[in-house]
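Worksheet: one structure, shown below.
Taken together, the values in this text are just the output of simple stated rules run on the coordinates, not laboratory data. No experiment lies behind these values; they were computed from the predicted model shown. Cβ atoms come from the backbone with ideal geometry, glycine included; neighbour counts cover every protein chain shown.
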Amino acid sequence: MKEVVVVGANEVAQMPVPGPEGVYVVGTGSTGAMETFLTLGIVYFAVMMVAAFSYRVPREGWLPAGWTPPAEDAAAKRMITQNNVHIDQALKTPQFYLLWMVLCMNVTAGIGVIGVAKTMMIEIFGTTLPTIVNGAFAATYVLMISVFNMCGRFFWASMSDYIGRKNTYYAFFVLGFVLYMSIPFTAQAVNADPAVMWLVLFYAATMIIFTMYGGGFATIPAYLADIFGTKYVGGIHGRLLTAWSTAGVLGPLAITSLRESSRAQALHDLAAKVDPARFQETFGATIQNLDQLIAANTVTISKLMAIAPEGTIDPTPSLYNTTMFTMAGLLLVGLVCNILVRPVADRHFMETHEAKQPLREAPASQPGE
């Protein structure tokens, strides 16, 4: 016995690259995943090796042509230290852990949305604007995420040179909070009035969010250099990147769990509106078995909407509301941490620490010396 997959018109419409309809034997085709990752691995290896062997530490005292360091009073206003904190000493400062939280909250919110961007686009707008939002549109949307992620790294890192690192992260958290809170409003609005304007607003809001996700990564090394000095910023940055790995787990886990919780609640609410006899006729079981039917994916929102009373509102566009509220809350946590960042105390600087070391007296001369 062979397992087959039936591909119909609906499945073809959701494909990033549409193919022919038909019946396919499982395991007999190629998705191209292996070839794609092999090619990416070779290209990444070549680029990283060339970059690694081309990298050089500038000579002592080197400065870019025409550049002069900022005056001490101007540097102090922007929290740019003139001293250095040792890599191990940095872990003993509250600034390290505050910046760890700043990066973690920014990345958790961004990476969680990136992981479900295509699904979110289809579920929110695929049911309300099906003639526009199809598989190809969603695939292009994912491509644009990468483009804006990259552009954000250049834009926000450059902007931070003018407005300061702390102010840049203020922009990430305050603007990000507003944008995340706008997504549930957009989802509700397009459900009530399927207009392209809501799609445009959603597209713009999420793309700005993705620029700040990339900008957070590009700006944090300079933030660390301002706070801890430049001598050990590479090692300190490496330790701070544990916030990225933590966010890489928290973000997708949070958004997936919250979305599934919202989906389960929506299914129960819809099932309660369906005539019990009609439900049993459609699914071959009573509503009392709803949880088992949901777990088996027998009952879905689309199937319940097909038998729901006329005028029932499709809850699909609102499945991510709780998720967006939670992500906005995480940004508020990051905002508070950023507010608490202050210049490092003098006792942590290497130069200050060394200057305070007592001078050792020369040993007394011994007879015969």
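A simple spin-label model places the labels of residue 38 and residue 158 4.0 nm from each other, with each point 7 Å out along Cα-to-Cβ.
Based on C-alpha pairs under 8 angstrom that are at least 6 apart in sequence, the chain has a relative contact order of 28 percent. Positive-end ranking of 307, 105, 27 along the dipole of the chain, with charges on Cβ about the Cα centre, is headed by 105. Full extension of the chain between residue 170 and residue 295 gives 40.8 nm of extra length, using 0.36 nm per residue less the Cα-Cα distance. Amide H to amide H, with H built 1.01 Å from N, residue 164 comes under 5 Å of no residue 5 or more places away or on another chain.
Charge dipole (Cα centre; +1 on Lys/Arg Cβ, -1 on Asp/Glu Cβ; no other charges) of the stretch 46-181 amounts to roughly 60 debye. The modelled label-to-label distance between residue 73 and residue 185, using points 7 Å beyond Cα along the C-beta direction, is 4.3 nm.
Under the criterion of Cα pairs below 8 Å and six or more residues apart, the relative contact order for the stretch 1-152 equals 25 percent.
Going by neighbour counts of Cβ atoms within 10 Å, the residues 314, 346 line up, fewest first, as 346, 314. If you fit an axis through the alpha-carbon atoms of helix 33-54 and take the longest principal axis of the Cα set of the chain, what angle between them do you get, 0 to 90°, nearest 10? The two axes meet at around 10 degrees. In order along the stretch 265-272, the Karplus-derived 3J(HN,Hα) couplings, from 6.51 cos²θ - 1.76 cosθ + 1.60 at θ = phi - 60°, round to 5, 5, 5, 5, 5, 5, 4, 5 Hz, and Gly and Pro are given as x.
Dividing the helix sum by the residues of the chain, where each DSSP H run of 4 or more adds -39500 (n - 2.57), gives a mean residue ellipticity at 222 nm of -22000 deg cm²/dmol.
For residue 303, the lysines whose Cα comes closer than 18 Å to its Cα, not counting residues fewer than 8 places off in the same chain, are 273. 3J(HN,Hα) along the stretch 57-65, derived from phi through the Karplus expression 6.51 cos²θ - 1.76 cosθ + 1.60 where θ = phi - 60°, amounts to 7, x, 5, 4, x, 6, 9, x, 4 Hz, with x in place of Gly and Pro.
Rounded to the nearest Hz, the phi-derived 3J(HN,Hα) couplings of the stretch 79-85 under the Karplus curve 6.51 cos²θ - 1.76 cosθ + 1.60 (θ = phi - 60°) are 6, 9, 6, 9, 10, 9, 10, where x marks glycine and proline.
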